[in-house]
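> Before we start, here is the structure in question, set down as structure tokens.
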Amino acid sequence: MKLRGIGHSRSGDKGTIANISLIAFDERDYPRLARHVTAARVKAQFADLVGGDVIRYELPAIGALNFVLHGMLGGGVTRTLALDAHGKSLSSALLEMEIPDDDC
């Protein structure tokens with residue numbers, strides 16, 4: 001199943017750092033997100049874009065994960081030639097990630 005089936009996401013930029021949140025629609029799905037959406041998997045999802053570390057922060061009280069991706073966005077808003085200089089479309093790209101649908 002794609003992440004978009006059980007969660008929503010937002011993303012943005014801070015210079016060459018992108019920030020992507022992943023929030024479960026239903027708090028009962030948070031453990032599944034925490035189990036399957038690791039920093040390593042997010043780094044692999046954005047392998048062509050991320051040049052540095054990916055750090056995951058867990059926010060179980062609100063059923064969310066936050067990922068900080070270093071070395072992205074082609075030098076930041078004022079330097080990049082990318083169409084999405086602010087990284088807003090990264091949230092949609094994350095929601096394309098597949099996770100097991102039979103794991104509860």
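The values are calculated or read from the model by the stated rules, or taken from the named source; none is laboratory data. For clarity, every value in this text was computed on a predicted model and none was experimentally measured. Note: ideal-geometry Cβ built from the backbone for every residue, glycine included; neighbour counts use all protein chains shown.
Each row is one residue, and each column tells you yes or no for (1) buried (at least 18 other Cβ atoms within 10 Å of the Cβ); (2) within 14 Å of the chain's Cα centre (by Cα).
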| residue | (1), (2) |
| --- | --- |
| ARG4 | no, yes |
| THR38 | no, yes |
| GLN45 | yes, yes |
| GLY51 | no, no |
| GLU58 | no, yes |
| HIS70 | no, yes |
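> Out of ARG35, ARG10, ARG4, I need the residue that is closer than 12 Å to LEU95 by Cβ, assigned to a helix (DSSP H, G or I) and of a type in the set (D, E, K, R). Which one?
Only one candidate qualifies: ARG4.
> Test ARG41 against the criterion of being at pLDDT 95 or above, under 16 Å from ALA93 (Cα atoms) and assigned to a helix (DSSP H, G or I), and give yes or no.
Criteria met by ARG41.
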